[in-house]
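Undergrad: Before anything else, here's the structure in question.
No lab work stands behind these numbers, since they all come straight from the coordinates. Treat the numbers as computed from the prediction; the structure is a model and nothing was measured. Note: ideal-geometry Cβ built from the backbone for every residue, glycine included; neighbour counts use all protein chains shown.
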């Protein structure tokens, strides 16, 4: 993947979109279906030429671009914004930990491939069987790394097996975005240096997708 501001912006927007879905699911037990489908689909798209194809087009990341442009311009102290930012930072850190453990990376890919076979059988990537397999994969791999991401929300939602599986799957999709961020040359230092350019890119995408 080419290392440029465009690709870094797209990848980080995906991380923020996944983080926002985690927050929404924990707080309300439900989240936008199209945004969830975009994040899940990204786990299965590997043989593509561009990062846009991984997400089925830039329009599918509008939520992520909106969050990215807002939070990088004027960081908000609202509980929602704080949680989303915390999840995003946590995902980027866990990706770093994952890179240090190639065997876990192979186990992660095996779990996704098994879910891919289920995807070929079911019509919808949001089918509970697929979500359940992806959530189990997250639990067996990323969830064992530290520090774990502690999701805040309503107890009724967090203790629901269905919602918990959705949350873990969104976190797994966030890891996918974090991997792409790193492949595109993303780092804390790069984010500090290129923040303004990335905000400009996010706003451009919002106006042209």
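Undergrad: Taking 0.36 nm per residue of sequence separation and subtracting the Cα-Cα distance, how much length would be gained by fully extending the chain between residue 99 and residue 208, in nm to one decimal?
TA: Contour length minus the Cα-Cα distance gives 35.8 nm.
Undergrad: Could you give the alpha-carbon Rg of the chain over 2.2 N^0.38 Å, rounded to two decimals?
TA: Values: Rg = 15.8 Å, N = 209, 2.2 N^0.38 = 16.8 Å.
Taking the Cα Rg and dividing by 2.2 N^0.38 Å, one obtains 0.94.
Undergrad: Right, another one. Would you work out the relative contact order for segment 5-208, in percent, from Cα pairs under 8 angstrom that are 6 or more residues apart?
TA: Details: 265 pairs, mean separation 84.4, N = 204.
That works out to 41 percent.
Undergrad: Once the Cβ-Cβ distance between residue 187 and residue 123 is put in as r, and R0 is 35 Å, what FRET efficiency do you end up with, to the nearest 0.05? Please list the in-between numbers first.
TA: Values: r = 39 Å, r/R0 = 1.13.
Efficiency at R0 = 35 Å is approximately 0.35.
Undergrad: Right, another one. Show me the ranking of peptides 133-142, 10-19, 156-165 by mean Cβ neighbours inside 10 Å, starting with the highest. Could you put the intermediate results ahead of the total?
TA: Values: 133-142: 21.5, 10-19: 28.8, 156-165: 15.2.
Order by mean packing, descending: 10-19, 133-142, 156-165.
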